[in-house]
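Undergrad: Once you've had a glance at the structure underneath, I'll fire off some questions.
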Amino acid sequence: EVLLASGPTEQITPSGVGVVWVKTVNELDNLLTTEAPDYDLILMVGSASDWGPMAGSDLTEEEKTKKLDLGIPETPDLTGKLGKLKSEDQLLVEFATETGDERPSTDRLTEHNIDAVFCYPNTAIPQSTNSESVSGSLLFNSDKEIRLQAQDESMLSRAVLKEIGEEYFN
């Protein structure tokens, strides 16, 4: 059984997959906290938002235009939260959308109880699935790293799932 939690998108929903549409990171947080214990494998690919507007402000309009601090509080790290909540028989895999120097480290895997993270190389994320080949690395919490390359992002996702299956289910 597969459940896809998604924000608004133009992507076509895969057939045979349950979908829950969310608009805010808080909605996603509530959904994941409720639903995650029922699943063996949790794949996190981005979140609704990493930052959100601060509700209300005591500043005058003049002060707001002069103030450099935008007053945008950080929202929860949902993958980190799920890492704390997951059971020993659950797997948590993150698809990191960062590139370059922001590449996740094995420290993040350990600190957040993440079993594996896929990350792109030190180049930009492909903007189109019609681009040439795409590549990246799958880092496991055992310090194992597998470099992957595929014709498009869909094939790359399948390669990631295949490697996760071989690492944890064989």
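All of the numbers you see were taken from the coordinates with simple rules; none came from a lab. Computed from a prediction, not measured in an experiment: that's the story for all the values here. Ideal geometry is used to build each Cβ from the backbone, glycine not excepted, and the neighbour counts take in all protein chains shown.
Undergrad: Given points 7 Å out from each Cα along the Cα-Cβ axis, report the K162 to L4 separation in nanometres with one decimal.
TA: 2.2 nm
Undergrad: How much length is gained on full extension from E111 to S133, taking 0.36 nm per residue of separation minus their Cα-Cα distance?
TA: Details: separation 22, 0.36 × 22 = 7.92 nm, distance 3.21 nm.
Separation in residues times 0.36 nm, less the Cα-Cα distance, equals 4.7 nm.
Undergrad: In nm, to one decimal, how far is the modelled label at K23 from the one at D89, with both set 7 Å along Cα→Cβ?
TA: Inter-label distance under the simple model: 3.8 nm.
Undergrad: Calculate one ³J(HN,Hα) per residue across the stretch 135-150 by plugging θ = phi - 60° into the Karplus curve 6.51 cos²θ - 1.76 cosθ + 1.60, and present them in order as whole Hz with x for glycine and proline.
TA: Couplings: 9, x, 10, 10, 9, 9, 5, 8, 6, 6, 10, 10, 8, 10, 9, 8 Hz.
Undergrad: What FRET efficiency comes out for the pair D77/M155, r = Cβ-Cβ distance, R0 = 30 Å, nearest 0.05?
TA: Details: r = 29 Å, r/R0 = 0.97.
E(calc), rounded to 0.05, equals 0.55.
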